Amino acid sequence: MKCRTSGHSERWKLGTMVATSNSGSRKGFSKFIEESNMKANRTKLIAIIFFSVPFFLLTVFNVTPAKVGAAVDEPAATYKAKCAVCHSPTASKFYDAAKPDEHHVEVIMKGKKGEKPPFMPGFESKGMTEGEAKGLAAYMRGLKTP
């Protein structure tokens, strides 16, 4: 197809338009293609930088997301997962609320041999901290008090 104003013809080759003049010169159009390829490469480079920099920064600074709301539910979840089987969901078995929290923290951390199995295991060796044990003891006391 010929252009009406300039006399250049256009033809399609592999999905791209190649313009040729009557004399066969392609310099102007090839320069246009080269410039558009440079723009595309620049855009790709910017996109790569835009997406890779945050991952690099997370790796370098070793940032972990903060737990939102985990501190409030942690003793309840721990009790349900590790304690409710033996002590019941309301802490009505093998628990004396009259004893001080320090006693309960020590039993939670070190364990206790009872008269007959199952014995109370110590959770210090399983990775529980004293702060977590205090939270668990307070949670159990809250289950017992009306």
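Cβ separations smaller than 8 Å between residues 6+ apart or across chains give the following pairs from segment 71-89 residues that are among the aliphatic types (A, V, I, L, M) to residues that are at pLDDT 85 or above: A76/Y139. From the list A70, A19, the one residue that fits, being over 30 Å from G122 (Cβ atoms), at pLDDT below 55 and not aromatic (F, W, Y), is A19.
Residues checked against (1) surrounded by 15 or more Cβ atoms within 10 Å (Cβ to Cβ); (2) not in a loop (DSSP other than H, G, I, E, B):
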site	(1), (2)
V85	no, yes
V105	yes, yes
F123	yes, no
L136	yes, yes
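Based on what the data block shows, is E35 charged (D, E, K, R), modelled with pLDDT under 90, outside the structural domain of A133 (by TED's automatic domain parsing) and surrounded by 10 or more Cβ atoms within 10 Å (Cβ to Cβ)? Against the criterion (charged (D, E, K, R), modelled with pLDDT under 90, outside the structural domain of A133 (by TED's automatic domain parsing) and surrounded by 10 or more Cβ atoms within 10 Å (Cβ to Cβ)), E35 qualifies.
The values are calculated or read from the model by the stated rules, or taken from the named source; none is laboratory data. The model shown is predicted, which means the values in this text are computed figures rather than measured ones. Reconstructed Cβ throughout: ideal geometry from the backbone, glycine too, with neighbour counts over all protein chains shown.
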